[in-house]
Every structure is written in C-alpha cells, then in structure tokens.
1. (1) exposed (fewer than 13 other Cβ atoms within 10 Å of the Cβ); (2) part of a strand (DSSP E or B): which one isn't true of Lys160, the others all being true?
2. Taking the condition of a type in the set (Phe, Trp, Tyr) and more than 13 Å from the ligand (Cβ to nearest atom), does Tyr98 pass?
3. Restricting the search to the stretch 1-43, which residues are more than 9 Å from the ligand (Cβ to nearest atom) and open to solvent by 40 Å² or more (accessible area, probe 1.4 Å)?
4. Of the conditions (1) open to solvent by 20 Å² or more (accessible area, probe 1.4 Å); (2) assigned to a helix (DSSP H, G or I), Glu309 satisfies every one except a single condition; which number is it?
5. Which residue out of Asp112, Asp127, Asp133 is out of contact with any strand residue (DSSP E or B) (no Cβ under 6 Å at 6 or more places or on another chain), among the acidic types (Asp, Glu), at pLDDT 95 or above and within 12 Å of the ligand (Cβ to nearest atom)?
6. All but one of (1) surrounded by 19 or more Cβ atoms within 10 Å (Cβ to Cβ); (2) part of a loop (DSSP other than H, G, I, E, B) hold for Arg177; which doesn't?
7. Evaluate the following for Asp131: is it free of Cβ contacts under 8 Å to residues at least 24 places away in the same chain and either buried (at least 18 other Cβ atoms within 10 Å of the Cβ) or among the charged types (D, E, K, R) (or both)?
8. Assess whether Gly170 counts as being open to solvent by less than 10 Å² (accessible area, probe 1.4 Å), within 22 Å of Glu303 (Cβ to Cβ) and at pLDDT 95 or above.
Amino acid sequence: MIRVGINGYGTIGKRVADAVRAQPDMTVHGVAKRSPDYVAVGAAEAEYPVYAADEDRTDGFREIGIDLAGMVDDLVAESDVIVDATPSGIGAQNRPLYERHETPALFQGGEDATVAEVSFNARANYDEAEDADYVRVVSCNTTGLSRFLAPLYENYGIEKARVTLVRRGGDPNQTGRGPINDAVPDPVSIPSHHGPDVQTVFPELDIDTIGLKVPTTMMHLHTVNVTLENAPEDIAAVREQLQDEDRLLTIPEYAGIDGAGTLKDFALDAGRPRGDIWENCIWEESLTLEGNDLYCMQAIHQESDVVPENVDAIRALTGHLPGPESRALTNETLGIDSGRLSKRDELAIDRQTAD
Ligand code: NAD
C-alpha cells in the first residue's frame, strides 16, 4: 500500500484524498490542514487523520473537537508520497520540507514548471515521471488540452494549435472572485500562459492561446482549432479516435447538453461525487474538419479533471504500475466511463437494427 499524505485540503486536496481512498493500492495516511473550518470538520468526519499545517492554529482544531494526528512535518515523515495541493506558490515554498524528509512529492498546476523535474499528464507523458522524485500535475486547462491534443499529435501530427480559453471567474467557494458582470481579457497579452504551459508537456508543439474570464463558476470552455500535418480520412474517423480515448467524453446531439449547466446536471444525475466531471466534455456537433483544419469546443471541469491525473502520478512516481494499467485502474475505481453517452447511441442503433 502506498501511504499518501495530502498537504493542503481545499478544492483539489479533498477530491484527491477521496480518489486515493478509492484505490486498492493506496491509503490516505493523513491530510494537513491550515484552518480549523468546515472543510476540516469534513476531513475529520471522513475519518482522515488531520495534521496541522500551522503551529499557531492547533488550539483552534482542539476547540472544534478535532484531535490532531500531528504536525505537517510528521505527515511528510510518515508518508511514502506527498500530494501538495496548497495554493499557487506555496508548493514551491514547501519543497525543502519534502527534501528534508526525502519524501517524493506531487505539486499542482499553480506552481511554476521549475518546481519539479516533470510536468505530468497521464495520457501524454506518464513514463517521464517514473524516474522522478518531484512531479507537477499540470493545471486543469493544460490537462484538458493535453488529453485532446495527444491522440491528434500521434495520429496526424500537429502543424499548429490555436485555442481560446473562456475561463470561469472562480470556483463556487471563491466568493471574492469575479468578474461579476463582464468578459475580461485575462491576460490581455497574447499568448496567454496556457500555450507555454502545454509546451511543458509537448515541447515541440506549436500552440497559441488566448485567455479571458467570464462570470461563471461552473466550467472552462475551450474553442480549439488544430491544423493537422496529415489530413484525416473524414471527421467520423477523428470522432471515433476521440471516442476511444478514456478521458474524453463526447457529447452526442440527442443528449440535449447545451452548456456547462446541463453538464453539471448530468453529472449530478449520474451520482458523481460533488457533481464532478473528470473527463473533457467535447460537443460532437462542434467537431468539424475543413481540409487539414480541425475545430471543436470542449468544456473542462476545473475542480476535478486533474484528480485522476494525481492518482496516476502517484503510481508513476512510485514506479507502481505502467501508465495504461494505472489509468484503467483509476478509471474503474472512480467510475470514469466516458462512453456512457456514446454507448446509448450504439444501443439505440442496435435497437433499430433489431426492429
Ligand atoms: P484551495 O485554496 O481551494 O485549497 C488550498 C488549501 O491549502 C486551502 O485549504 C488552504 O487553507 C490550504 N493552505 C494554505 N496554505 C497552506 C500551507 N502552508 N500548508 C498547508 N495548507 C495550506 O486551492 P485549490 O483550488 O485546491 O488549488 C490548489 C492547487 O491546485 C493550486 O496550485 C491550483 O493552481 C491548482 N489547481 C486548482 C484548480 C482549481 O480550479 N481549483 C484546478 C487545477 C489545479
């Protein structure tokens, strides 16, 4: 069993903890929490051993009835791997702590790429993390783009990718973030940081990105144009290749899913924890081929798409399983079934044939 410690128990940390708990080869050794708040109560109720990140706040945990298992230093010493899910920039400050205990660690996409030896995406470069001690799981947007681009890169080659990222203003619990009534170029300069970030996974890829922020908390939306080196036979061939990918959910027309709101409703109906959508959500009707130019629109659930990637990165870092096996196990244990909607299409066709 790989003992996993989670340092930083917020939006990403709590989801990663639950995903780790669902794995047959890992256990949550504990979670380090800074504030004795409702999320700390949730961690204790989930029976995760709680470690304090901050000496000055230990009394606060006792006052709300949480018995601490120790300090973050103890968690790092006792764990086989640390998942650092602290806010952007804090992970880099924590690296000396992990080095002191010789505990390998994962960082998140809010950190600079220099925080780790490898910027990781399970579909694109799992093997590169196998010899590393420190790995950065790339951001939600970079994860979504890497998953989409990897099969195109392999099957057709990519001359150039151009992406506009319409980003959610904040997560649902980020009450202070905006905009509240605007569409804001963010950043106004081009390219946005997303293109260079995708290049940390695909160093040779020619990609330009433009970013903006809008007043929603639900999901990001990407409009993608990829000029392929070799033209696909037709759009159906591309669609089938994308449907064969395990973390790409293609949305058929019949489903009536017309935006992030219906996607979240679909996820809640499907009983997904917290309404999470771990897969890229690609509208099938948007997949269009004009010569060598492929177009599409996809939605990315920022709070959860990196969660299966963290689980796979733990296995890569510890040399526990090869990539395809790890991905399959993660998918099975979390209930990631990207074919759910497409299979219904097949069922309908089967039924018509039977009639
Ligand atoms: P968050 O603010 O929801 O959670 C961070 C948690 O860490 C909070 O509970 C905070 O109290 C705690 N914390 C702060 N300082 C700490 C310290 N010194 N030691 C221990 N804990 C500390 O943040 P998040 O959204 O979960 O983001 C975490 C990382 O994941 C960032 O790098 C972020 O860029 C990345 N990420 C976030 C998203 C997203 O949409 N939320 C998506 C992908 C990646």
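1. Result: Lys160 fails condition (1) only.
2. no
3. Met1, Arg3, Asp18, Arg21, Ala22, Pro24, Thr27, His29, Pro36, Tyr38, Val41
4. For Glu309, the failing item is (1).
5. The match here is Asp112.
6. (1)
7. For Asp131, the condition - free of Cβ contacts under 8 Å to residues at least 24 places away in the same chain and either buried (at least 18 other Cβ atoms within 10 Å of the Cβ) or among the charged types (D, E, K, R) (or both) - is met.
8. yes
The values are calculated or read from the model by the stated rules, or taken from the named source; none is laboratory data. Note that this is a predicted model, so its numbers are computed, not measured. Here the Cβ is made from the backbone with ideal geometry for all residues, glycine too, and neighbour counts use every protein chain on show. Surface accessibility is based on the protein's heavy atoms, side chains included, excluding ligands, DNA and RNA. Shrake-Rupley method; radii C 1.70, N 1.55, O 1.52, S 1.80 Å.
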